[in-house]
Structures are given as structure tokens and as C-alpha cells.
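A.B. asks: For reference, the structure I am asking about is given below.
The values are calculated or read from the model by the stated rules, or taken from the named source; none is laboratory data. Since this is a predicted model, take the numbers as computed values, not measurements. Heads up, the Cβs are rebuilt from the backbone with ideal geometry, glycines too, and the neighbour counts pull from every protein chain shown. Each accessible area value is taken on the protein alone, full model and side chains, heavy atoms only, with ligands, DNA and RNA left out. Shrake-Rupley method; radii C 1.70, N 1.55, O 1.52, S 1.80 Å.
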Amino acid sequence: CLDSKGELHKFDSHWRTDDCHDCFCSRGGIDCCSSFAAPADYNKEKCVSIFNKETCTYKVVEKDDHSKECPVHEWVG
């Protein structure tokens, strides 16, 4: 399989992309899905979501103080 970056992958191989998607190569082509859940229900006026590409996770923190986490009521992904 040839991915969008032009890299060749063997059939039945798995890999994670730079943008945190898990991909699988089969004879039918490449299938990818997100490897993370995104926050969907939190106080968007008071808080902001920050994505960490190193860990492929989101953290939701107060806009004025990033050391304080905000509660998230729903995640999607």
C-alpha cells in the first residue's frame, strides 16, 4: 500500500500517522481511523481543548490558567 506521504507499507501492516491516526494496509487498500477521543461537551466559554501530538490525547483546561483542568461531559472519536 502506498500512503498519502508516498511511503510503502506491507500488506497486513499497522502504523500510526503523524496526525495520530491508526492505519492498516490490506489488499483492498488502506483504512485509517483516529486513535484519540476529542472532547465534545465542556464549558467552551471558560475552557479550551489542547491536543498533544506526542501522546495523541486532548487536555481541557481553563483559558486563563492552563494548570487547571476542566470537566468534560462527553468525548467523541
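A.B. asks: Stretch residue 43-residue 30 to full length: gain in nm at 0.36 nm per residue minus the Cα-Cα span?
C.D. replies: Here the segment from residue 43 to residue 30 would lengthen by 1.0 nm.
A.B. asks: Once the other residues with Cβ under 11 Å from the Cβ of residue 14 are scored (Lys, Arg +1; Asp, Glu -1), what is the net sum?
C.D. replies: Around residue 14, the surrounding residues sum to -1.
A.B. asks: Relative contact order, percent, of the chain when contacts are C-alpha pairs under 8 Å separated by at least 6 residues?
C.D. replies: Once divided by the residue count of the chain, the mean separation gives 23 percent.
A.B. asks: Moving on to the next point. Under a 1.4 angstrom probe, counting protein chains only, how are 73, 9 ranked by accessible area, largest first?
C.D. replies: Ranking 73, 9 by accessible area, largest first, yields 73, 9.
A.B. asks: So what's the net charge close to residue 48: Lys and Arg +1, Asp and Glu -1, counting the other residues with Cβ under 13 Å from its Cβ?
C.D. replies: Local net charge: 0.
A.B. asks: If you look for lysine pairs in the chain that are eight or more places apart or on different chains, how many of them have Cα atoms under 17 Å apart?
C.D. replies: Taking the chain as the scope, the lysine pair count is 7.
A.B. asks: Calculate the FRET efficiency for residue 8 and residue 54 from the Cβ-Cβ distance with a Förster distance of 35 Å, rounded to the nearest 0.05.
C.D. replies: It comes out at approximately 0.85.
A.B. asks: I'd like to know how region 1-42 sits against the 2.2 N^0.38 Å rule of thumb: what's its Cα Rg over that expected value?
C.D. replies: 1.35
A.B. asks: Rounded to two decimal places and with Rh computed the Kirkwood way over Cα pairs, what is Rg over Rh for the chain?
C.D. replies: We get a ratio of 1.15 for the chain.
A.B. asks: In Å², and per residue, what accessible area does region 9-77 have when probed at 1.4 Å with the other protein chains present?
C.D. replies: Result: 72 Å² of accessible area for each residue.
A.B. asks: Which GluC sites (Glu not before Pro) does the chain hold that lie in a coil by DSSP with at most 10 other beta carbons within 10 Å?
C.D. replies: For GluC sites (Glu not before Pro) across the chain that sit outside H, G, I, E and B with at most 10 neighbouring Cβ atoms in 10 Å, the list reads 7, 45, 54.
A.B. asks: Quick check: net charge around residue 32, other residues with Cβ under 14 Å of its Cβ, Lys/Arg +1 and Asp/Glu -1?
C.D. replies: Cβ neighbours under 14 Å give a net charge of -4.
A.B. asks: May I ask you to give the percent of accessible area on the chain that is carbon plus sulfur, with a probe radius of 1.4 Å?
C.D. replies: Solvent-exposed carbon and sulfur of the chain make up 48 percent of the total.
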